[in-house]
Amino acid sequence: MDSAQTETLEGDVRNLNGQRIGPKGQRTMRKLIDAAAQLLESTGLRDLSVAEVARSAGTSPATFYVYFEGVPELVLEALKTAPHCDDELLRLASDDWSADPTRFAEEFVDLYIARWQRHRTLYRVRNLASEEGDKRFVDARSTAARPVLDALSRNVAHSKSCKRIDTKVSDFAVAAAIVMMLERVSALYRIMPEMGDGNAGELRDAAVFAALQILGY
């Protein structure tokens, strides 16, 4: 989806009737998910209809309802196959950066932004829905962020042990501040040139600087 499709559906995938979905059904689900992602580039979650998604996917609303209860449920399913966290990002988040702080910070920020951009529309829709109070999307956002928050918390703990930052601050809160910053940077990354002065590269450099400052480097 977005510039690249979500990963292949895996495991025991079933439709709303509880029937196991074979390769053909999974391809249909994939078409519906990809169609929704494309439409969500220019249409809000609340405004996007099942009929529009089905039509764009080359199928019918009746087929849509075999797999999903509605568009929000489709997005929630798509989010399960669109992780923005992987082993490399977790390693960078938890590593001791003291040997070369700037290089580590640059690699971490660049990888975070790159992972985000891969499924940027899904993440933007998820975050907006969660901020509007939809608990399903709050939970999806929390679940997605937790691994990198835990990894980054270990980095914060190391900085505290080295007396680089105040030992009274919460490891998790500091990690959350960094991740929230990177979420906003990633969300604005492509539209930065349209916002006036500055560009995406400068925004990225500022994020690197901020991460280093927060961690006491």
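Taken together, the criteria place L48 among residues that are crowded, with 18+ Cβ neighbours inside 10 Å and either of a type in the set (F, W, Y) or under 13 Å from L32 (Cα atoms) (or both).
Of the residues in the range 162-180, at least one is charged (D, E, K, R), at pLDDT 95 or above and surrounded by 16 or more Cβ atoms within 10 Å (Cβ to Cβ).
Number of residues in the range 82-91 that are touching a Leu at 6+ places or on another chain (Cβ under 7 Å) and either surrounded by fewer than 18 Cβ atoms within 10 Å (Cβ to Cβ) or at pLDDT 95 or above (or both): the value is 2. Checking T28, T59 one by one, the residue that is part of a loop (DSSP other than H, G, I, E, B), β-branched (V, I, T) and either at pLDDT 90 or above or touching a helix residue (DSSP H, G or I) at 6+ places or on another chain (Cβ under 9 Å) (or both) is T59 and no other.
Per-residue answers, yes or no, for (1) in contact (Cβ under 8 Å) with a residue 12 or more places away in the chain; (2) hydroxyl-bearing (S, T, Y); (3) over 25 Å from L111 (Cα atoms):
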position	(1), (2), (3)
G133	no, no, yes
S153	yes, yes, no
K168	no, no, yes
F172	yes, no, no
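Filtering the range 98-117 to residues that are hydrophobic (A, V, I, L, M, F, W, C) and closer than 22 Å to R184 by Cβ leaves F104, A105, F108, V109, L111, I113, A114, W116. Checking the range 129-148 against the condition returns no match, with no residue being among the charged types (D, E, K, R) and over 30 Å from T43 (Cβ atoms).
The values are calculated or read from the model by the stated rules, or taken from the named source; none is laboratory data. Owing to the predicted nature of the structure, the values given are computational and were not obtained by experimental measurement. All Cβ positions, even for glycine, are placed from backbone atoms using ideal geometry, and neighbour counts span all protein chains on display.
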